[in-house]
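Only the coordinates and a few stated rules stand behind these numbers; no lab work does. Please read these numbers as outputs of a predicted model, since none were measured by experiment. Please note: Cβ atoms are built from the backbone with ideal geometry, for glycine as well, and neighbour counts cover all protein chains shown.
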Amino acid sequence: MLIISVPSSTSLTNAFDQFDLPRPLSGTDTEGTDTMVLLFEDEEEAIEYLDALEDYSTGLDDDAIQKPYINALVSAISNDDFVQGYLR
């Protein structure tokens with residue numbers, strides 16, 4: 001199980017529901033009151049989710065309200081040490 005933390009879970013949790021953002025196949029959870037965690041079976045699943053987010057983002061206008069949420073998710077996954085190691 002790969003767990004990737006994304007700060008500011010409250011607004012992100014709301015964004016998943018409000019904007020119908022794609023969710024990871026293995027789901028999400030919260031850690032404390034201000035961190036959301038993305039759950040993946042492995043690095044490959046995280047990268048597939050990253051690709052799905054990028055595809056979703058491509059269909060949005062540059063000033064779309066969803067962009068900051070997508071960017072936070074993409075950044076968290078891209079910066080994860082295990083994902084980076086897998087991509088090398």
Evaluate the relative contact order of the stretch 2-87 (contact order divided by residue number), counting alpha-carbon pairs under 8 angstrom at least 6 apart; express in whole percent. 32
Per the helix-only model, the chain has a calculated mean residue ellipticity at 222 nm (DSSP H runs of ≥4, -39500 (n - 2.57) each, divided over all residues, rounded to the nearest 500) of -16000 deg cm²/dmol
If you put +1 on each Lys and Arg Cβ and -1 on each Asp and Glu Cβ, how big is the dipole of the chain around its Cα centre, in Debye rounded to 20? 220
With label points built 7 Å along Cα→Cβ from the Cα atoms of I65 and V37, find their separation and express it in nm. 3.1
What's the local net charge at I65, with K and R +1, D and E -1, over the other residues with C-beta under 15 Å away? -4
Footprinting proxy, F16, F40: sorted fewest to most Cβ within 10 Å, the residues are F16, F40
Give me the number: length gained by fully extending Y56 to F19, i.e. 0.36 nm times residue separation minus the C-alpha to C-alpha distance, one decimal in nm. 12.2 nm
Neighbourhood net charge (15 Å Cβ-Cβ; Lys/Arg +1, Asp/Glu -1) for D81: -2
Which residue, F19, T33, I70, has the largest displacement toward the positive end of the dipole of the chain when charges sit on each Cβ (Lys, Arg +1; Asp, Glu -1)? T33
Under the rule rounded for a/c under 1.5, else prolate if a/b exceeds b/c, else oblate, using alpha carbon gyration tensor axes a ≥ b ≥ c, the chain is classed as oblate
